[in-house]
Amino acid sequence: MTTKPKAKKFRIRKSSPLAGAAQVAATAANAAAKPAPETGAPARPAFPSADAVRKTATAPAALNPDIAGHSQLSAESDMAAIRKEGLTGRQLRMARRLAQKHEIAVTSDFDAVRQLRKRGIDPFERATMLELVVPDAARPAATSDKSAAPVQGGRVQLPQTVAKAQVPSTEVSKPPRHAGERIAQINEIQRDIARRRRRRLALLGARLSVFVLLPTLIAGWYFYAVATPMYATKTEFVIQQAEAQAGGGLGGLFSGTGFATSQDSIAVQSYLTSRDAMLRLDEDAGFKTHFSQDHIDPIQRLPKGASMERTYDLYQDVVEIGYDPTEGIVKMEVIAADPEVSAEYSRRLIDYAEERVDNLTQRLRGDQMNDARASFDEAEAKMLAAQDRVLTLQEQLGVLDPAAESGSVMGQITTFETQLREKQLERETILSNRRPNQARLNGVEGEIRRLQAVVDDLRSQMTNGTGDAASLARISAQLRIAETDLETRTALMQQALQQLETARLEANRQTRYLSLGVTPVVPDAPAYPRSFENTLLAFLVFAGLYLLLSLTASILREQVSG
């Protein structure tokens, strides 16, 4: 708030010397204001000369020192008013030069303006300005009579009329005659200040009562007398996964910690606070019906036929779920008007969360197992086909083992060739006689021919075959290819089987488990409303709003008044 400017006020008594001097100056001014008969022109009011004013003002000041203080204060107030006129520097310099021409002692440019106007000289009139360039010979005639007002062109030089400045009122109360009356006035002022202070305090108390205390009392009455008691069931659970195999890298660094299942925990938290969970809870346990009962207070009661959005807003208020990422614990609090219902809601939500946890990795685990099983089935089918081909070749060619068959034939060929060489040596021995035995020679040669035929037949079986039968080399090559294919398919089937087992282990490792740290227990005492805490909070809220509004109103009032 703003206060009016205060200034000292003085009153000149009628019996003081200054009053007499002022009366003399006024009489002289009235006499000078009479019309001059010789010129016939109306005379303007003339001000007393500077010497007369100085004499009348100096004599009382010598007698009473208070008058000198009054004169100084009046000069300062006059110069303050002159400063407010907004004079330019050129005008102030001209006023100082004009004061020097009239031989007036001044202390500043504003004092020069004040003293010139006090002598009836307007320092800014054009005729006055021209006096600055008057020759020195004409100056004594113009300034010889200092007691009379300076005249230029037949009219008196008067101060220029300026706009009236906004100054405090000059009306003053009657001065006290003695000390008792002064004390009485001071006491009256103090009582007036006290009355204003009490009135302001009363207004402040009324505003606080209306805007702060009354709403706080209404809120406290609601929390203590009207609000329906609510029961809260608290539950804590953590989502875990199977232990992974030991390994290096960042995967093994975070395994077994809350960071490994943070995404699953956040997903479960989002699901439990979603509309899907609210609809399932309404279908399974009658969430909307429970909070629409008549014994619940109107503020917490769900109206009949409420929309899904209204029901979901209430669901978010009564089901609070928080997740601690450092420990990986999900904390859930379920509020209901009945303790048994609160515990039932908590158990059902835990079942929904466990089902959701199982479904988080079910698709991934199913895809991994399906791919691994399909690869194994394909490798197994190709391995069986290769084995059937080997068996078919063995049945068609009549060869169980081509390597054994080839080894047997080669053994026979080696045996017969050995016998053939022996017979050939025996024939050479017979022929080395002078008279060889022809019959014996013929028998040895016959055996040589038979052995050679057997060896050729065995070799032809090894290379070209006989009749429709294939050769042992072709049979051995076909069987060797079939057996190699069978070995390859067998190795692929073993690898697919290993991948299937790995996928099964990985699927088991990716399985999530919901472990309960705090099981839901039926509460025996209501947890809400917290009457004292809520009432105190309401008081702080209303007090803060009142403070903000009052500050805003004060700022706006200050801006408008300024």
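Across region 305-332, the number of residues qualifying as of a type in the set (Val, Ile, Thr), over 15 Å from residue 516 (Cα atoms) and at pLDDT 90 or above comes to 3. Entry remark, region 280-304: residues being assigned to a helix (DSSP H, G or I), surrounded by fewer than 16 Cβ atoms within 10 Å (Cβ to Cβ) and either modelled with pLDDT under 90 or not acidic (Asp, Glu) (or both) number 1 in total. Of the residues making up region 266-293, those that are hydroxyl-bearing (Ser, Thr, Tyr) and closer than 19 Å to residue 239 by Cβ are 270, 271, 273, 274. The single condition from (1) modelled with pLDDT of 90 or more; (2) buried (at least 17 other Cβ atoms within 10 Å of the Cβ); (3) of a type in the set (Ser, Thr, Tyr) that residue 261 fails is (1). Here region 486-508 is the region considered, the condition is being surrounded by 13 or more Cβ atoms within 10 Å (Cβ to Cβ), of a type in the set (D, E, K, R) and within 11 Å of residue 369 (Cα to Cα), and the residue that is nearest to the chain's Cα centre (by Cα) is 506.
Among all residues of region 307-316, there is at least one that is surrounded by fewer than 16 Cβ atoms within 10 Å (Cβ to Cβ) and either part of a loop (DSSP other than H, G, I, E, B) or touching a residue at least 60 places away in the same chain (Cβ under 8 Å) (or both). Output the number of residues of region 509-549 satisfying the condition of being over 30 Å from residue 235 (Cα atoms), of a type outside the set (A, V, I, L, M, F, W, C) and in contact (Cβ under 8 Å) with a residue 12 or more places away in the chain. Residues flagged as over 30 Å from residue 235 (Cα atoms), of a type outside the set (A, V, I, L, M, F, W, C) and in contact (Cβ under 8 Å) with a residue 12 or more places away in the chain within region 509-549 amount to 1.
Just a yes or no: is a residue in region 387-399 surrounded by 17 or more Cβ atoms within 10 Å (Cβ to Cβ), of a type in the set (Val, Ile, Thr) and either modelled with pLDDT under 75 or within 30 Å of residue 265 (Cβ to Cβ) (or both)? Looking for residues that are surrounded by 17 or more Cβ atoms within 10 Å (Cβ to Cβ), of a type in the set (Val, Ile, Thr) and either modelled with pLDDT under 75 or within 30 Å of residue 265 (Cβ to Cβ) (or both), one finds at least one in region 387-399, hence yes. Residue count for region 510-556 satisfying the condition of being in contact with a strand residue (DSSP E or B) (Cβ under 7 Å, 6 or more places away or on another chain) and among the charged types (D, E, K, R): 1. Residue 518 meets the conditions (1) in contact with a Lys or Arg (Cβ under 7 Å, 6 or more places away or on another chain); (2) of a type outside the set (Ser, Thr, Tyr); (3) surrounded by 16 or more Cβ atoms within 10 Å (Cβ to Cβ) in every case but one. The failed one is (3). In a residue-by-residue description of region 156-166, the property of being closer than 30 Å to residue 95 by Cα, out of contact with any strand residue (DSSP E or B) (no Cβ under 6 Å at 6 or more places or on another chain) and either modelled with pLDDT of 90 or more or small (Gly, Ala, Ser) (or both) applies to at least one position. Considering region 359-375, and only residues there that are surrounded by 13 or more Cβ atoms within 10 Å (Cβ to Cβ) and modelled with pLDDT of 75 or more, the residue that is farthest from residue 278 (Cα to Cα) turns out to be 375. Here residue 270 meets the list (1) in contact (Cβ under 8 Å) with a residue 12 or more places away in the chain; (2) assigned to a helix (DSSP H, G or I) almost entirely, failing just condition (1). Which one of the conditions (1) among the hydroxyl-bearing types (Ser, Thr, Tyr); (2) free of Cβ contacts under 8 Å to residues at least 40 places away in the same chain; (3) in a loop (DSSP other than H, G, I, E, B) does residue 228 fail to meet, given that it meets all the rest? For residue 228, the exception is condition (2).
Residue 334 meets the stated requirement of being farther than 14 Å from residue 264 by Cβ, of a type in the set (A, V, I, L, M) and in contact (Cβ under 8 Å) with a residue 24 or more places away in the chain. Is it fair to say residue 216 is in contact with a helix residue (DSSP H, G or I) (Cβ under 7 Å, 6 or more places away or on another chain), closer than 22 Å to residue 346 by Cβ and modelled with pLDDT of 85 or more? Taking the combined requirement at face value, the residue does not satisfy it.
In this structure, residue 508 does not satisfy being at pLDDT 85 or above and of a type outside the set (Val, Ile, Thr). For the condition part of a helix (DSSP H, G or I), of a type outside the set (Gly, Ala, Ser) and within 24 Å of residue 265 (Cα to Cα), what is the one hit in 355, 320? Residue meeting the stated conditions: 355. Checked against the criterion of being at pLDDT 85 or above, hydrophobic (A, V, I, L, M, F, W, C), surrounded by 15 or more Cβ atoms within 10 Å (Cβ to Cβ) and not in a loop (DSSP other than H, G, I, E, B), region 442-449 has at least one qualifying residue. Residues in region 317-347 that are surrounded by fewer than 17 Cβ atoms within 10 Å (Cβ to Cβ) and out of contact with any strand residue (DSSP E or B) (no Cβ under 6 Å at 6 or more places or on another chain) were compared, and the one that is nearest to residue 280 (Cα to Cα) is 347. Among the residues of region 531-561, which ones are loosely packed, with under 12 Cβ neighbours inside 10 Å and more than 30 Å from the chain's Cα centre (by Cα)? Within region 531-561, 532, 554, 556, 557, 558, 559, 560, 561 meet the criteria. From the list 190, 241, which one is modelled with pLDDT under 90 and either closer than 30 Å to residue 263 by Cα or surrounded by 10 or more Cβ atoms within 10 Å (Cβ to Cβ) (or both)? Sole residue among the options that is modelled with pLDDT under 90 and either closer than 30 Å to residue 263 by Cα or surrounded by 10 or more Cβ atoms within 10 Å (Cβ to Cβ) (or both): 241. Could you go through region 197-218 and let me know if any residue there is of a type outside the set (Ser, Thr, Tyr) and outside any helix (DSSP H, G or I). Looking for residues that are of a type outside the set (Ser, Thr, Tyr) and outside any helix (DSSP H, G or I), one finds none in region 197-218, hence no.
The values are calculated or read from the model by the stated rules, or taken from the named source; none is laboratory data. Predicted model only: the values in this text are computed from it and were never measured. Please note: Cβ atoms are built from the backbone with ideal geometry, for glycine as well, and neighbour counts cover all protein chains shown.
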